[in-house]
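The values are calculated or read from the model by the stated rules, or taken from the named source; none is laboratory data. Keep in mind it's a predicted model, so treat the numbers as computed, not measured. Every residue, glycine among them, receives a Cβ derived from its backbone with ideal geometry; neighbour counts consider all protein chains shown. Areas reflect the complete protein model, heavy atoms only, side chains present, ligands, DNA and RNA absent. Shrake-Rupley method; radii C 1.70, N 1.55, O 1.52, S 1.80 Å.
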Amino acid sequence: MGINGVSRFSRLGMPLLGAAFLVVGSMTGSTALAQQEDLGKIEQEGKEIAYDRQKGNCLACHEMPGGELPGNLGPSLVGVADRLEKERIRKQIWDPEQYNKVTSMPPFGKHKIMTEEEIDKVTAYLMTLTY
């Protein structure tokens with residue numbers, strides 16, 4: 001133990017560790033931001049559909065980069081392209097009940113909430129969401 005029962009690591013290491021997390025976090029955030037700024041036309045249209053509260057409304061349940069007031073009912077979509085393959089993401093949007101019978105996610109394709117083209121665009125956008 002060091003001064004007043006506080007270890008040397010607590011006094012010196014924790015502030016340095018905190019600073020390291022800030023640096024790494026800001027680097028990761030800037031990478032994600034750069035990815036979002038470099039979207040192609042189809043991916044940008046997919047993002048607009050996904051963020052549209054009247055159409056995709058993904059933010060109602062999912063955390064997404066740059067999304068305001070995300071829900072937390074569904075899993076975070078940050079890094080989804082690192083976790084799932086493109087076809088699996090598309091099938092999840094089309095009819096999530098095929099993977100989870102009690103899901104709260106609506107079957108956007110099966111119930112014609114989104115067109116095939118819109119689902120393809122949202123899928124293309126989600127494939128840009130990597131860590």
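The fraction of accessible area contributed by carbon and sulfur in segment 36-131 is 51 percent, rounded to a whole number (1.4 Å probe; ligands and nucleic acids excluded).
Spacing of the modelled spin labels on K41 and E97, each 7 Å from Cα toward Cβ, amounts to 3.6 nm. Loop-located GluC sites (Glu not before Pro) in segment 46-89 (DSSP state other than H, G, I, E, B) with a sparse environment of at most 15 neighbouring Cβ atoms within 10 Å: E63, E68, E85.
Pairs with C-alpha atoms separated by more than 21 Å, drawn from the list K55/K112; K41/K110; K41/K112; K55/K101; K86/K121, are K41/K110; K41/K112; K55/K101. The Cβ shell under 12 Å around E116 holds other residues with a net charge of +1, Lys and Arg each +1, Asp and Glu each -1.
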